[in-house]
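Structure incoming, see below.
The values are calculated or read from the model by the stated rules, or taken from the named source; none is laboratory data. In this text the structure is predicted, and so the values were computed from the model without any measurement. So basically every Cβ, Gly included, is an ideal-geometry build from the backbone, and we count neighbours across all protein chains shown.
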């Protein structure tokens, strides 16, 4: 089984998460490759997909959005999972713990993400926190970090990322066994 862990990244956090997901899947005996979605030449060569993007203004980056729009029929025919990377993940984030938990609990699914999830028949979606950089010229982001006492730096929860990859590996292995 060949799995594409495809990504669109702005500053590298999503790429690093995709690489770690692919590495973890390979460690579980699944042939997985991490690749930028704008560089994928033959998506039909894959049996399953784990697709992710950085989130900017509550939207996936255009290379990921374009890939899903273009290949949604193919994705719907294969096991597919989605992930998004921003300042707040399921288990970690750039803000104080209570605020991360509150935002994660009340964060709604964007219309775009709902379309992607439904259009691909995704088996799951996961939010991960990424690296929040102080050198990126985003006035709104810097204001939020200041007002809500956020922290710049790496907020990725590698244990959560590994656990999610393991759950995907278990599901893929179970579906592979069922086909035999």
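Just one of 108, 153, 119, 130 is more than 17 Å from residue 91 (Cα to Cα) and at pLDDT 75 or above; which is it?
119
Any residue in the stretch 92-112 that's closer than 19 Å to residue 153 by Cα: show its pairings with residues that are part of a helix (DSSP H, G or I) and modelled with pLDDT of 85 or more at Cβ separation under 8 Å, as long as the two are six or more apart or on different chains.
92/160
Report yes if residue 27 is out of contact with any helix residue (DSSP H, G or I) (no Cβ under 8 Å at 6 or more places or on another chain), farther than 16 Å from residue 61 by Cα and free of Cβ contacts under 8 Å to residues at least 12 places away in the same chain, otherwise no.
yes
State whether one or more residues within the stretch 48-64 are crowded, with 24+ Cβ neighbours inside 10 Å, at pLDDT 95 or above and not in a strand (DSSP E or B).
Yes; the residues of the stretch 48-64 include at least one that is crowded, with 24+ Cβ neighbours inside 10 Å, at pLDDT 95 or above and not in a strand (DSSP E or B).
Surrounded by 14 or more Cβ atoms within 10 Å (Cβ to Cβ), touching a residue at least 60 places away in the same chain (Cβ under 8 Å) and either in a loop (DSSP other than H, G, I, E, B) or within 20 Å of the chain's Cα centre (by Cα) (or both): does that describe residue 119?
It is false that residue 119 is surrounded by 14 or more Cβ atoms within 10 Å (Cβ to Cβ), touching a residue at least 60 places away in the same chain (Cβ under 8 Å) and either in a loop (DSSP other than H, G, I, E, B) or within 20 Å of the chain's Cα centre (by Cα) (or both).
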